[in-house]
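Student: Submitted below is the structure of interest, expressed as structure tokens.
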Amino acid sequence: MAKKGSYIVDYFNNRGFFGLAILLLVVFSVIASGNFVVPQRGYGTFHNIATWIESSDTSCFVAVVANVVIGVLLVTLNIMFRYIKTYNCFVFAAVFVLLQGINPFLSTRFFAGTALCLVVVVTLFFMFEQYGKRGGASQGIFLVMALLSFFTIYHYVFFLLFPLYILGFAYMRVLDVRGVFAILFGILTPYWIVLGTGLESLSAFQAPELSQVWESTPAFAARGWAITIAITTVVLTVLLTVSNFKTMLNYSVHVRAYNNFFVALSVFVVLMMAIDYNDFLIYMPLLNLCAAIQYGHWYVITPHETRQPVTMWLMVAMLVAYIIAMVIA
């Protein structure tokens, strides 16, 4: 006989709940669309990502699709690399989608933060695939770094990922002489292409200046509540990471390497939100991703008698957070 409450627990961790989370994301985004404007600041070396989509309705649609795609990719990534204890895990992807949905600044417009999170998840497939391929990972390293470098053309925040990914490849045990050269060539290649083919002129190059990157952002509606959600999510991520740490130490070496990168990503996000605090929204999708992954770990290793009520209260808290954001706006 199934344990009491196990049916609810099973529901939280299946495709049906993930589908419900996606539906709620769509509903929340449609309701909030038009009432929230994401501050679009920051530029790349040649372009500004804020100019990609001008229509607010189109931007909202693309944002919702991107968030759903990220959720699906997270599940697929776990099926392939099992960074959470079981491949059959959907609850963490549902939590990510809901964390995005309850914050209208993240779900109603496609902006640099959404692009950043999507690019990071995509590159994880290539980076995790290189684990242990010492001497044979040059192509994968080159591809990841070239992709990150390409997006620096559109926003400065992608520059900040270079040290993080170098650390990530160290975790993957693939950093040798050829790996270092792959990193350098990967970073340089997009610029060699756009300048060498005449797609961009060297005179149009603009290096991001700290005085402009960390300048004050104009006030926007519900900024205080957005900051409150950010701080709460940071605390949740830290608590879950600490709670999961002992269990993750017992994982296999390669799984620990994957999760070490996620922990490093969490530290990176928290530090950048504290340093680049005027643009903290850019880092929020990545923070939600880190929180969701840690919640997935916690959910899998925790007895159902505990995870059932906690998950239910988390859902209630997220719904309340969304309602407050709508009222304040």
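The values are calculated or read from the model by the stated rules, or taken from the named source; none is laboratory data. The structure presented is a predicted model; accordingly, all values stated were derived computationally and were not measured. With ideal geometry, Cβ positions are generated from the backbone for all residues, glycine too; neighbour counts draw on all protein chains shown. Surface accessibility is based on the protein's heavy atoms, side chains included, excluding ligands, DNA and RNA. Shrake-Rupley method; radii C 1.70, N 1.55, O 1.52, S 1.80 Å.
Student: Computed FRET efficiency, Cβ-Cβ of L199 and I275, R0 22 Å: what is it to the nearest 0.05?
Tutor: Efficiency, rounded to the nearest 0.05: 0.10.
Student: Looking at (1) 28, 26, 21; (2) 32, 27, 16; (3) 49, 21, 13, which value of semi-axes √(5λ) of the Cα gyration tensor in Å comes from a calculation on the structure shown?
Tutor: (2)
Student: For L23 and F185 in one chain, what is 0.36 nm times their gap in residues minus the Cα-Cα distance, to one decimal in nm?
Tutor: Extra length available between L23 and F185 comes to 54.1 nm.
Student: Once a ≥ b ≥ c are taken as the square roots of the eigenvalues of the Cα gyration tensor of the range 112-170, is the result rounded (a/c under 1.5), prolate (a/b larger than b/c) or oblate (a/b not larger than b/c)?
Tutor: prolate
Student: Based on DSSP H runs of at least 4 residues, each adding -39500 (n - 2.57), what is the mean residue ellipticity at 222 nm of the chain after dividing by all its residues, to the nearest 500 deg cm²/dmol?
Tutor: -23500 deg cm²/dmol
Student: Checking the a/c ratio against 1.5 first, then a/b against b/c, what shape does the Cα gyration tensor give for the range 34-96?
Tutor: Here the range 34-96 falls in the prolate category.
Student: So, by mean Cβ neighbours within 10 angstrom, what's the order for 239-249, 290-300 with the highest one leading?
Tutor: Packing order, densest peptide first, comes out as 290-300, 239-249.
Student: Something else now. In a GNM of the chain with a 10 Å cut-off on Cα contacts, which of A94, A63, A207 has the highest mean-square fluctuation?
Tutor: Maximum among the listed residues: A207.
Student: By per-residue mean of other Cβ atoms within 10 Å, what is the highest-first order of 228-238, 137-147?
Tutor: Highest mean packing first, the order is 137-147, 228-238.
Student: So, with a 1.4 angstrom probe, what is the percent of accessible area on the chain that is carbon and sulfur?
Tutor: 69 percent
Student: Could you please put D279, D176, D57 in sequence from largest to smallest accessible area, using a 1.4 Å probe?
Tutor: From most accessible down to least: D57, D176, D279.
Student: Over what distance in Å are the Cα centres of the range 128-145 and the range 245-278 separated?
Tutor: Spelled out, the Cα-based centre of one part sits 20 Å from the other.
Student: Okay, moving on. Express the accessible area of the chain per residue in Å², computed with a 1.4 Å probe while the remaining protein chains stay in the model.
Tutor: Accessible area per residue: 44 Å².
Student: Which of the helices in the chain meet the span-like rule: DSSP H, Cα axial reach of 24 Å or more, Kyte-Doolittle mean at least 0.0?
Tutor: The answer, listed by residue number, is 15-32, 56-81, 112-129, 177-196, 223-248, 253-275, 280-301, 304-328.
Student: Let me ask another. Who wins for biggest fluctuation among F46, F92, F28 in a Gaussian network model of the chain, springs between alpha carbons below 10 Å?
Tutor: In the Gaussian network model the winner is F46.
Student: Run through every distinct alpha carbon pair of the range 61-199 and return the Kirkwood hydrodynamic radius in angstroms, one decimal place.
Tutor: It is 16.2 Å.
Student: Additional query: Put L118, L289 in order of accessible area, largest first, 1.4 Å probe: what do you get?
Tutor: Ranked from most to least accessible, the order is L118, L289.
Student: Would you mind calculating the gained length between W52 and N35 on full extension (0.36 nm times residue separation, minus the Cα-Cα distance), in nm to one decimal?
Tutor: Full-extension gain reported as 4.1 nm.
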